[in-house]
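Only one structure is covered here, and it is reproduced in the block below.
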Amino acid sequence: MPDLARAFAYDLRPVRVVFGEGAVHKLGEEIDVLSQGERVMIVSTPGRADQVALARGALGARFVGTFDGAAIHVPQAVVSRALDRVREWKPDIVVSVGGGSAVGVAKAVAMEVQLLHVAVPTTYSGSEMTDIWGITDGDRKQTGRDRRVAACLVVYDPLLTASMPAVVSAASGMNAIAHGVEALYSVSAHPAASLLAEESIRLLADSLPTVVGYPEDRDGRAAALRGAHFAGRALDMTAMALHHKLCHVLGGSFALPHALTHAVVLPHATAYNAPEAPEAMTAVARALGAQNVPAGLYQLNHRIGITQTLRDLGLGEADLDQAAALAVQSSYANPRPVTEVGVRALLDDAYHGRVPR
């Protein structure tokens with residue numbers, strides 16, 4: 001029987017969410033509802049030209065320009081170039097069209113010049129639902145939380161994910177599952193976030209094999225996008241812990257691919273925390289349909305074709321000591337105490353692709 005009398009508190013940040021096939025065509029009218037800007041700039045990546053064209057068409061005369069130079073891990077130099085376009089075009093609103101890279105650059109721009117942020121996600125990253133930002137300067141990635149970067153409007157159109165390659169769909173979806181898992185064992189977990197997190201994991205675990213094996217399946221893509229939305233919302237209402245901190249180190253300091261790093265690390269970070277988070281593991285097990293959560297996450301990676309090792313992502317064995325040391329430089333709340341020895345062992349398992357227990 002759950003402890004219904006347990007105290008909890010959380011903030012619910014306001015955001016309008018529009019979900020449905022063809023929703024991108026409503027972008028202009030939804031922005032008009034905001035009634036806070038008439039000049040709109042798009043931030044995206046070079047590979048999103050078709051999706052950008054749809055968004056631009058929906059914006060009409062509001063559109064002032066596209067910065068398509070967004071890059072993984074949000075390098076400071078890229079943010080500076082985007083800000084140059086802001087000073088040139090003088091937008092009131094920045095619209096991110098794409099995955100985590102586009103959302104991340106739009107967040108950095110919104111934080112610097114206090115523009116409204118509107119997101120049109122084309123992957124399952126879930127970051128469009130959070131106030132979490134990250135910027136990489138040199139070999140260090142700085143992250144934080146700031147309500148100014150959070151999207152005030154998110155427009156989800158499952159059809160925009162149709163061109164995502166299978167490997168990107170798989171990795172992006174596992175990244176979203178990581179949000180759900182960490183929200184469940186967060187020190188600030190609460191019933192509202194936990195409901196969203198568990199449902200996000202269930203939707204993604206059920207739909208990702210379909211999305212990867214049958215990419216034209218529209219119901220599968222809609223379910224995965226809904227799961228990513230729930231996962232992002234759950235993470236927004238809770239605090240990040242070891243998994244996300246470690247992935248930020250691996251991405252920012254060693255240039256590993258963001259979503260794939262989340263996918264590879266997730267089973268091992270979960271195994272690290274599982275003994276101290278039994279209630280969270282029970283919820284994840286229900287969602288996955290697995291008795292052993294870390295092994296179930298590992299097997300889901302295998303089922304959808306994701307590599308199982310940090311070595312395959314380009315990390316050198318000689319980098320493991322430095323990565324472990326960086327991961328414990330700052331303190332943060334985690335179900336299990338974070339030690340350099342413990343993190344080093346976790347990384348060794350992820351490097352060699354051992355099945356977690």
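Just so you know, all these numbers are worked out from the coordinates, no wet-lab data involved. Computed from a prediction, not measured in an experiment: that's the story for all the values here. Every residue, glycine among them, receives a Cβ derived from its backbone with ideal geometry; neighbour counts consider all protein chains shown.
Counting only Cβ charges, +1 for Lys and Arg and -1 for Asp and Glu, the dipole size of the chain around its Cα centre is about 220 debye. Shape verdict for segment 9-117, please, from the Cα gyration tensor: rounded (a/c under 1.5), prolate (a/b greater than b/c) or oblate. Verdict is rounded for segment 9-117. If R0 equals 30 Å, the separation of the Cβ atoms of residue 255 and residue 330 corresponds to a calculated FRET efficiency of about 0.90.
Proximity of backbone amide H atoms, modeled 1.01 Å from N, is registered between residue 256 and 251 at under 5 Å, excluding neighbours fewer than 5 places apart on the same chain. About its Cα centre, the dipole of segment 130-232 is roughly 240 debye, where the only charges are +1 on Lys and Arg Cβ and -1 on Asp and Glu Cβ. Dipole orientation for the chain: of the candidates 298, 222, 8, 8 has the Cα lying most toward the positive pole (charges on Cβ; Lys, Arg +1; Asp, Glu -1). According to the square roots a ≥ b ≥ c of the eigenvalues of the Cα gyration tensor, what is the shape class of segment 170-352, taking rounded for a/c under 1.5, prolate for a/b larger than b/c otherwise, and oblate for the remainder? Cα axes put segment 170-352 in the oblate bin. Of the residues 340, 198, the one with the fewest other Cβ atoms within 10 Å heads the list, and the complete ranking is 340, 198. A simple rule links phi to the HN-Hα coupling: the Karplus curve 6.51 cos²θ - 1.76 cosθ + 1.60 with θ = phi - 60°, which for segment 313-330 gives 8, x, 6, x, 4, 5, 7, 5, 4, 5, 4, 5, 5, 5, 5, 10, 5, 10 Hz, with x for Gly and Pro.
Summarising the amide proton neighbourhood of residue 311: residues at separation of 5 or more, or on other chains, whose placed amide H is nearer than 5 Å comprise an empty set. Residues in segment 114-120 carry Karplus couplings, in order, of 6, 8, 5, 10, 10, 10, 10 Hz; the curve used is 6.51 cos²θ - 1.76 cosθ + 1.60 with θ = phi - 60°, and Gly or Pro positions show x.
Among 240, 111, 129, the order by Cβ neighbours within 10 angstrom, fewest to most, reads 111, 240, 129. When +1 charges are put on Lys and Arg Cβ atoms and -1 charges on Asp and Glu Cβ atoms, the dipole computed for segment 220-357 relative to its Cα centre reaches about 560 debye. Straight-line cross-link partners of residue 26 among the lysines, defined as a Cα under 27 Å from its Cα and at least 8 positions apart when in the same chain: 90, 107. Projecting label points 7 angstrom from Cα along Cα→Cβ for residue 146 and residue 10 puts them 2.5 nm apart. Dividing the mean sequence gap of close Cα pairs (under 8 Å, 6+ apart) by how many residues the chain holds gives a relative contact order of 15 percent.
Listed by Cβ neighbour count within 10 Å, with the fewest neighbours leading, 115, 313 appear as 313, 115. With a ≥ b ≥ c taken as the square roots of the eigenvalues of the C-alpha gyration tensor of the chain, please select rounded if a/c is under 1.5 and otherwise prolate if a/b is larger than b/c or oblate if it is not? Because a/c hits 1.5 or more and a/b exceeds b/c, the chain counts as prolate.
Counting only lysines at least 8 places from residue 245 when in the same chain, those with an alpha carbon closer than 18 Å to its own are 141. With only Cα atoms counted, segment 59-198 has Rg and Dmax values of 15.4, 46 Å.
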